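The values are calculated or read from the model by the stated rules, or taken from the named source; none is laboratory data. As the structure is a prediction and not an experimental result, all values here were calculated from the model. We place every Cβ from the backbone using ideal geometry, glycine too, and count neighbours over all the protein chains shown.
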Amino acid sequence: MAQVNRRQLVKTGTLSAGVLLLAALLLIVNYFGWKYYKRFDWTSNQLYSLSEKTLNVLKGLKKDVDFVVFLSPDQQAELYKPTSEVLARYGAASPRVHVRIVDAEKNPVEAQQLVQRYGVTTTGVVVASGADKRVIDSNDLAELDFRSVQTTGTPQMTGYKGEQLFTSAILQLSEGRKPRILFTTGHGERSLDDQGERGFAGAQQILGRDNFELTEWGSLGKPGVPPGTDLLVVAGPTGSFVQPELDAFSAYLNNGGRMLVLLDPKPGPVGLVSTGLEGWLARYGIKAGQDIVVDPSNPLPFFGPETIFSKDYGDHPITRALAEGSLSVLMSVVRSIAPGSAPGIKVTELLRTSPEGWGETDLVNLDKVGRDPQDVAGPVALGAVAESGSTAPGKRPMRLLVFGDSDFAANQLLQANAANGVLLANALNWLVEREALLGIPPKKTEQVKLTLTRDEIRMVYLLAAALPILAVVMGGLVFFRRRRRLA
């Protein structure tokens, strides 16, 4: 009897020790899994992976940010899944980010309380920090293709813009001061309030999300650029600047100022109409060509030959994200902007045509465009940036960025091509030394479709019905066979 009890005790002790060891092992595995976990993104286009820009912003957070998601997983499934997954990665990247997803159907009382608290009148995402907040409408989260409305009745989501909107909202809440940008007026420049195809209302919206303060400024007759100006923009002038204005621009740049010049070619009776900026830019090592660029090797449907499809970039922070994402920029009626030379200034080419493109110099016979020996040989530069070298202690270097086109930042081409907005935002962020904010293009969603013929669909239904019946039949055969053996 004692021997049996001893065996039973040893057996029970061994089993208990095994259970305790297994529990300890599970506890250790869970602890390390909680502390050292890794998220993977198995989508082909890395839809849920955060960009370096976002990670840099999250690392620099100094106060808590709350995300409250008002989306239905049933009614807005296309937006709910990427939004919840992307925000989960925001929370994993920074302990200062807190995410709450509200389902109004399951928790109507909580949803109503949060709606009243944040003053939300639409579905979307609220980004709050302290007493300040930003509301992102659900319609702004998706890039839609309305061509499918005629066949399916609803637009198709082709891109997800959540990351760029969420990060922009965090910037607006975390930055104490908005960089001040002045747009010159009085020379036929583009207007920030113009909703037409050639207006800059879309650019104003994009740059507003990056927390810029945009103001129009008449430079004619003014003694100089106003103090506190972080960036001066000249957007598509059609008239001429006078010498006092150019002197004011020079004084601003020489004192560490930043300028963006979008210089369109405007044909005149003989050559291009002069704006006065052409010779002034040459002082800073940038040559504005007396030509109109064509590139027949990159034709675009629904666009004329004057539209340039550029995907060849120079090595620069402004264009690096576009090059890595293989994104192309659309420009319309462009003049060449070539790097030159100036003492103490570094000039870098930003983007160019294909080798088959050229700068057409015969502007009198534009209806008979052809490549001639006197034309600018391709690849033709379409934009360049000039930076001053070493400066005196406490004085920042000047930065000057020039594109041979302003249409790429106007409403029509901004809506037609998402990469144009990325180029514009990157250019301004780099000019005001916000390199951490360069480049979050919309993520293209995966469109996976399975097309079956009628015979294949019929076979699926047959298999779906036959497999359960077959399982029942096989189970019955096994049961009766065993019963017969027992008998």
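Going by what's in this entry, would R190 be described as farther than 25 Å from P397 by Cβ and assigned by TED's automatic domain parsing to the domain that holds E387? Break it down into steps so the answer makes sense when it comes.
Working: farther than 25 Å from P397 by Cβ: yes; assigned by TED's automatic domain parsing to the domain that holds E387: yes.
Answer is yes for this residue.
Could you look through segment 154-179, keep only residues that are charged (D, E, K, R) and surrounded by 16 or more Cβ atoms within 10 Å (Cβ to Cβ), and pick out the one that is farthest from V86 (Cα to Cα)?
At the first step, the residues of segment 154-179 found to be charged (D, E, K, R) are 161, 163, 175, 177-178.
Those left that are additionally surrounded by 16 or more Cβ atoms within 10 Å (Cβ to Cβ): 161, 163.
Values: K161: 11, E163: 7 Å.
Here the answer is K161.
Picking from G279, G208, G221, which residue would you name as being exposed (fewer than 13 other Cβ atoms within 10 Å of the Cβ) and in a helix (DSSP H, G or I)? Walk me through it before giving the result.
Numbers: G208 fails: exposed (fewer than 13 other Cβ atoms within 10 Å of the Cβ); G221 fails: in a helix (DSSP H, G or I).
Checking each option against the conditions leaves just G279.
Do we have G228 as at positive phi and at pLDDT 90 or above here? Let's see the steps before the verdict.
Values: at positive phi: yes; at pLDDT 90 or above: yes.
Against the criterion (at positive phi and at pLDDT 90 or above), G228 qualifies.
Scan segment 96-119 for residues that are of a type in the set (G, A, S), exposed (fewer than 15 other Cβ atoms within 10 Å of the Cβ) and not in a loop (DSSP other than H, G, I, E, B) and report the count.
Residues in segment 96-119 being of a type in the set (G, A, S), exposed (fewer than 15 other Cβ atoms within 10 Å of the Cβ) and not in a loop (DSSP other than H, G, I, E, B): 0 in total.
Yes or no, residue by residue, for (1) polar (S, T, N, Q); (2) more than 15 Å from T307 (Cα to Cα); (3) surrounded by fewer than 17 Cβ atoms within 10 Å (Cβ to Cβ):
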{"residue": "S332", "(1), (2), (3)": "yes, no, no"}
{"residue": "S336", "(1), (2), (3)": "yes, no, no"}
{"residue": "P343", "(1), (2), (3)": "no, yes, yes"}
{"residue": "V347", "(1), (2), (3)": "no, yes, no"}
{"residue": "L350", "(1), (2), (3)": "no, yes, no"}
{"residue": "P355", "(1), (2), (3)": "no, yes, yes"}
{"residue": "R371", "(1), (2), (3)": "no, yes, yes"}
{"residue": "Q374", "(1), (2), (3)": "yes, yes, yes"}
{"residue": "A377", "(1), (2), (3)": "no, yes, yes"}
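Return the residues of segment 32-78 that are in a helix (DSSP H, G or I), at pLDDT 80 or above, of a type in the set (D, E, K, R) and within 23 Å of L171 (Cβ to Cβ); say none if nothing qualifies. Quick ask: steps written out before the conclusion?
Initially, segment 32-78 is screened for residues in a helix (DSSP H, G or I), giving 32-35, 52-59, 77-78.
Subsequent filtering for residues that are at pLDDT 80 or above retains 54-59, 78.
The next check asks that each one be of a type in the set (D, E, K, R); those that pass are 59, 78.
Selection gives K59 alone.
Could you check, for segment 224-239, whether at least one of its residues is farther than 30 Å from V293 by Cα, free of Cβ contacts under 8 Å to residues at least 60 places away in the same chain and under 25 Å from the mean Cα position of the chain (by Cα)? Spell out how you get there, then give the answer.
Going residue by residue through segment 224-239, those that are farther than 30 Å from V293 by Cα are 224-230.
Cutting the leftovers down to free of Cβ contacts under 8 Å to residues at least 60 places away in the same chain gives us 224-229.
Next, only the ones that are under 25 Å from the mean Cα position of the chain (by Cα) stay: none.
The answer is no, given that none of the residues of segment 224-239 is farther than 30 Å from V293 by Cα, free of Cβ contacts under 8 Å to residues at least 60 places away in the same chain and under 25 Å from the mean Cα position of the chain (by Cα).
Restricting to segment 244-276, count the residues that are touching a residue at least 24 places away in the same chain (Cβ under 8 Å) and assigned to a helix (DSSP H, G or I).
9
Could you grab me the full set of residues in segment 240-279 that are among the β-branched types (V, I, T) and either closer than 16 Å to G188 by Cα or at pLDDT 95 or above (or both)?
Step one: of segment 240-279, the residues among the β-branched types (V, I, T) are 242, 261, 270, 273, 275.
V242, V261, V273, T275, listed by residue number.
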